[in-house]
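Peer 1: The structure's right below; bear with me while I get my questions together.
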Amino acid sequence: MERYYKLCQQHMGKVARITDHNGRVHVGRIERVTNRKVYIRPIGRSRQGFGFGFYGGYYGWGWGWGAAYGIGLGFITGFALAGLFFF
C-alpha cells in the first residue's frame, strides 16, 4: 500500500491508469492522495461510449467528466502513467 501511496504522490496532477483488485481499470487525473485513498478525476471517452472510470453508474455518470472519486490504496493492483498508453 505504501508503494502506491508514494507513486500517486509523485505523479499528482498527471493522468494515470489504475487497476483495482476486481480488474476494473480507472483512468483519470490524480487530484489528491491521502494515506488511504487516491482521488482521480475521470477524463476522456472510451470506445464503449462511457468515460474512463465509469462502472455501472457506481463511480459517475455520462462521459467521464465530473467530480473526482476515491480508490482505496489497498485495492490497487496496478499503476501506470496514462501517457504510456495514449498517443
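No lab work stands behind these numbers, since they all come straight from the coordinates. Since this is a predicted model, take the numbers as computed values, not measurements. Positions of Cβ are generated from backbone atoms using ideal geometry, with glycine treated the same way; all protein chains shown enter the neighbour counts.
Peer 1: Can you list residues from other chains, or at least 5 along the same chain, whose modelled amide H is less than 5 Å from the amide H of ALA68?
Peer 2: HN-HN under 5 Å from ALA68: empty list.
Peer 1: Taking K and R as +1 and D and E as -1, what net charge do the other residues with C-beta under 11 Å from the C-beta of ILE71 add up to? Show your work: numbers first, answer last.
Peer 2: Details: positive: ARG24, ARG36, LYS37; negative: ASP20.
Counting the neighbours of ILE71, the net charge comes to +2.
Peer 1: Taking θ as phi - 60°, what are the ³J(HN,Hα) couplings along the stretch 28-42 by the Karplus curve (6.51, -1.76, 1.60), each to the nearest whole Hz, with x for Gly and Pro?
Peer 2: x, 7, 6, 9, 7, 9, 10, 6, 10, 9, 10, 9, 10, 9, x
Peer 1: What's the local net charge at ALA82, with K and R +1, D and E -1, over the other residues with C-beta under 10 Å away?
Peer 2: +3
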